1. Given the residues ASP312, ASP320, which is the only one that is under 22 Å from the mean Cα position of the chain (by Cα), within 24 Å of ILE153 (Cα to Cα), among the charged types (D, E, K, R) and at pLDDT 95 or above?
2. Quick one: count up the residues across the range 284-314 that are of a type in the set (Phe, Trp, Tyr) and more than 20 Å from PHE98 (Cβ to Cβ).
3. Within the bounds of the range 333-342, is there any residue that is open to solvent by 30 Å² or more (accessible area, probe 1.4 Å), in contact with a Leu (Cβ under 8 Å, 6 or more places away or on another chain) and within 20 Å of TYR227 (Cα to Cα)?
4. Are there any pairs with C-beta distances below 8 angstrom linking a residue in the range 296-308 that is closer than 17 Å to VAL241 by Cβ to a residue that is open to solvent by less than 40 Å² (accessible area, probe 1.4 Å) and aromatic (Phe, Trp, Tyr), with the two at least 6 apart or on different chains, and if so which?
5. Hey, among the residues in the range 135-151 that are part of a strand (DSSP E or B) and not charged (D, E, K, R), which one's farthest from GLN240 (Cα to Cα)?
6. Scan the range 1-35 for residues that are at pLDDT below 90 and among the polar types (S, T, N, Q) and jot them down.
7. Take the conditions closer than 30 Å to LEU125 by Cα, out of contact with any helix residue (DSSP H, G or I) (no Cβ under 9 Å at 6 or more places or on another chain) and among the acidic types (Asp, Glu) and apply them to ASP312. Does it pass?
8. In the range 275-296, is there at least one residue being modelled with pLDDT of 95 or more, among the charged types (D, E, K, R) and open to solvent by less than 30 Å² (accessible area, probe 1.4 Å)?
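The values are calculated or read from the model by the stated rules, or taken from the named source; none is laboratory data. Because the structure is a prediction, the values reported are computed rather than measured. Here the Cβ is made from the backbone with ideal geometry for all residues, glycine too, and neighbour counts use every protein chain on show. Each accessible area value is taken on the protein alone, full model and side chains, heavy atoms only, with ligands, DNA and RNA left out. Shrake-Rupley method; radii C 1.70, N 1.55, O 1.52, S 1.80 Å.
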Amino acid sequence: MSLKVKLLKALIIILGFFCLYAFLAVRIPFLYNLVLKERVYPNYWDKTKYGELYYFSHINHFKEENIPPAQTKFQYKPTHSSVNDCDILTFGDSYFDFSRNKQFPERLHDDFDLKVHFYKGDNILSYLESNNYDTTVQRVLLYERTERWIPLILSNKDNLYSQSSSQEEEKQGIVTRIKDFIFLDNGEKLYDAMLRRSYPTEKIYSAIATVKFDLFKYISKYTPKYYLNDTIPWLFYYDQVNEEPSSFYYKHSEEEMDSICNNIVYLSNILKEKYNIRFVFLPLPAKYTLYHDIINDDEYNNFMQRLYERLDKANILYVDVFNDFARSDELVFYGTDDHWREAGVKIAYNKTIKVLKNDSITSHLLFNEN
């Protein structure tokens, strides 16, 4: 056997090993994390060094330094209460699940010795039903949703009933699970993340991405709006700047706004009549809504103000933080992460406590105030 043939055979074996390893690694978390510079933790999407939006492109200029590390999430602590052994139920998106600072639900527990249950999701009604919710005790439910998600979720009341993915997975049979293991749905994303974040390739990938940006201003389609300065780099997620209902620019019709509000009223009424729950809504303005002016003077579609007007007319108890966020002397969002800084959490939290204490029902249920 010639030397060239031997080298070719060795090369094929080596490449075959790497291909097999990659195939198994995206399916076995331990193997996956062995080659990553920043490990992936189940249920900890925010356990990264830099802001989440940086990882779409890995351009060196957008590495936001000094972002706090993730803490243990409240829902995994012994102080987290069950759905039927709590004073207040908290539902929300990734803002309530954001663990780079003390989470909003945990603050309620620590500051007022309240029993708090948190669930990340919108399927509120099916969640209560599937957990055999005890309706004999009157409770408060605080529902948080960021601006860009409100039109997508609350324009359809079916989203309040839909099953979560975890519940669907539990119903899968062994044959389906084997098939999903072989033909992994999110395999391409995992392979791509491995390329971007593994020890052998991370620096190379980042260097190439940075050169492409410097020469051609090429950046991921997921963060098309950006701003660089000497202090904080800024990235904005695509669904806030396109022409979809989640966007700063989308022109919601009166019918669309009415539909959203009607579904909120529907949720509030069902919770009151069927589950003996006092509903409180916490809508949060999007990052681009507050900080687009560092890039342009584009006109806002006034989604939040139009929503507030309808909530007032419908007599829905809600927390208005828009002006508080806009007038804050401190930044309330990270530049390269879509989520709030400590200043943002504090503003929303303090305003929520004020609303809860000013309402006769919630003040009595939570703070024993008449």
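1. ASP320
2. Here the count works out to 3.
3. Yes, the range 333-342 contains at least one residue that is open to solvent by 30 Å² or more (accessible area, probe 1.4 Å), in contact with a Leu (Cβ under 8 Å, 6 or more places away or on another chain) and within 20 Å of TYR227 (Cα to Cα).
4. ASP298/PHE248; TYR300/PHE248; ASN301/PHE248; MET304/PHE322
5. Taking the candidates together, the pick is VAL140.
6. Scanning the range 1-35 gives a single hit, SER2.
7. The answer is yes for ASP312.
8. yes
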